[in-house]
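J.: Below is a structure I'd like to ask you about.
The values are calculated or read from the model by the stated rules, or taken from the named source; none is laboratory data. Quantities reported herein were computed from a predicted structural model and do not represent experimental measurements. Using ideal geometry, Cβ is built from the backbone for each residue, glycine included, and neighbour counts are taken over all protein chains shown.
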Amino acid sequence: MSWSPDNAYIHVRTVEDRSALHDYIVSLEDREVSLAFGEPAWGSAYWARKSDLAAPGVTSLRMEITESNRRTRPAPFGGGFANGGAQTPDVKNPVDAYESEITLRLLGVEIGNWINGAPMAGETFGWGPDGSAALVFVDRTGRLVFQRQPDSLAGVRPWNLAVDQSALPGMLTISSATSGTGNTTMGFRVAGFTGGSRTGTIRVSGGGVSAVYTVIQQ
């Protein structure tokens with residue numbers, strides 16, 4: 001799967017009988033699916049970044065990997081449990097059988113699952129454009145699932161920092177990033193002052209809301 005740069009289309013490639021490739025383009029606006037003749041030009045460039053475990057532009061949003069190994073067929077015994085005699089391993093199955101399972105999850109939702117297979121980064125999922133925190137993946141039933149803010153990823157939102165320069169220009173300077181997504185630490189500097197007390201404000205906005213922080217220098 002790959003995602004177009006304008007966040008409007010998804011390219012999906014399926015494999016039939018392990019040899020026949022089929023390409024489709026999905027419109028995210030109207031959910032229409034159309035047949036494509038090969039991978040689009042933006043597909044290969046997108047694949048280079050789509051397979052990261054962290055969302056592009058939202059490093060705090062990261063997938064979790066769990067791995068487990070379990071016994072699937074214990075070594076059978078002949079005689080003992082059936083007739084009270086000595087327990088002897090069945091020569092046809094002299095050892096136990098095990099399977100390895102690897103699961104990929106995002107915020108508790110299963111994104112990929114492999115049993116006795118080598119997982120391939122990006123095989124079952126694809127990230128949206130930088131900072132969108134959007135994700136498309138194939139679930140266990142074969143459905144194509146689209147996740148985006150605010151439904152399943154509501155905690156990740158873009159934000160902006162700005163200093164109110166109208167009252168006291170030059171008093172405050174932002175020393176950290178002035179925009180981004182997810183959690184962050186705000187940093188600022190206060191210019192030296194030899195007079196009486198003065199007040200400056202910093203505004204944080206994002207997701208349709210804003211907050212004002214007041215800094216008093218004495």
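J.: Go through 44, 68, 60, 100 for me and flag whichever is closer than 24 Å to residue 20 by Cβ and modelled with pLDDT of 75 or more.
T.: 44
J.: Among the strands (runs of 3 or more DSSP E) contained in region 139-218, which hold 3 or more residues that are modelled with pLDDT of 75 or more?
T.: Counting at least 3 such residues, we get 144-147, 158-163, 172-174, 188-190, 198-206, 209-217.
J.: Let me ask another. Just one of the numbered conditions (1) in a strand (DSSP E or B); (2) over 14 Å from the mean Cα position of the chain (by Cα); (3) surrounded by 11 or more Cβ atoms within 10 Å (Cβ to Cβ); (4) touching a residue at least 12 places away in the same chain (Cβ under 8 Å) is not true of residue 67; which one?
T.: (3)
J.: Residue check, residue 53 against (1) closer than 28 Å to residue 105 by Cβ; (2) at pLDDT below 75; (3) among the aliphatic types (A, V, I, L, M), all met but one. Which one?
T.: That leaves (2) as the condition not met.
J.: So, one more: Does residue 105 satisfy the criteria of being within 30 Å of residue 137 (Cβ to Cβ) and either modelled with pLDDT under 85 or in contact with an Asp or Glu (Cβ under 6 Å, 6 or more places away or on another chain) (or both)? Let's see the steps before the verdict.
T.: Working: within 30 Å of residue 137 (Cβ to Cβ): yes; either modelled with pLDDT under 85 or in contact with an Asp or Glu (Cβ under 6 Å, 6 or more places away or on another chain) (or both): yes.
Taking the combined requirement at face value, the residue satisfies it.
J.: Determine the pairs where a residue that is closer than 20 Å to residue 15 by Cα and touching a residue at least 40 places away in the same chain (Cβ under 8 Å), located within region 27-44, has a partner that is of a type in the set (Lys, Arg) and surrounded by 12 or more Cβ atoms within 10 Å (Cβ to Cβ) with Cβ atoms under 9 Å apart, the partner being 6 or more residues away or on another chain.
T.: Sorted first by the residue in region 27-44, then by its partner, the pairs are 43/13.
J.: Then there is this: If I filter region 117-124 for residues that are closer than 30 Å to residue 25 by Cβ, at pLDDT 55 or above and of a type in the set (D, E, K, R), do I get at least one hit?
T.: Scanning region 117-124, I find at least one residue that is closer than 30 Å to residue 25 by Cβ, at pLDDT 55 or above and of a type in the set (D, E, K, R), so the answer is yes.
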